Ligand SMILES: [Zn+2]
């Protein structure tokens, strides 16, 4: 058995290191829009959050995304992201189950 290298990223809310695919990426696009990036491939500065609404709420409360994205994220944006986050959470979890044991 040889260990596979799993890329780790830190959740900006709870500061836990997690495999990249367990995290949801939030990106600040070159047009300075802040949005959720499920593909993980959008251009721009990214921040990672655990795929948990509780972590999103924590990030919102502590304004962790402002710091991670080096840009003030307004309350409206946080509210919009929270709605998107809840919407993608189910999809995200479902996708993970589908992927399952890839590359094993
Ligand atoms: Zn977290």
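The values are calculated or read from the model by the stated rules, or taken from the named source; none is laboratory data. All figures in this text were calculated on a predicted structure; none of them were measured in a lab. No Cβ is skipped: glycine too gets one built from the backbone with ideal geometry, and neighbour counts run over all protein chains shown.
Summary of computed values
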quantity: Answer from 22, 16 - the residue that is at pLDDT 95 or above and in contact with a strand residue (DSSP E or B) (Cβ under 9 Å, 6 or more places away or on another chain); calculated: 16
quantity: Failed item, numbered, when residue 53 is tested on (1) at pLDDT below 95; (2) away from the ligand (no atom under 14 Å from the Cβ); (3) within 30 Å of residue 5 (Cα to Cα); calculated: (2)
quantity: Residue in region 1-50 that is nearest to the chain's Cα centre (by Cα), counting only those that are near the ligand (Cβ under 9 Å from one of its atoms) and surrounded by fewer than 17 Cβ atoms within 10 Å (Cβ to Cβ); calculated: 10
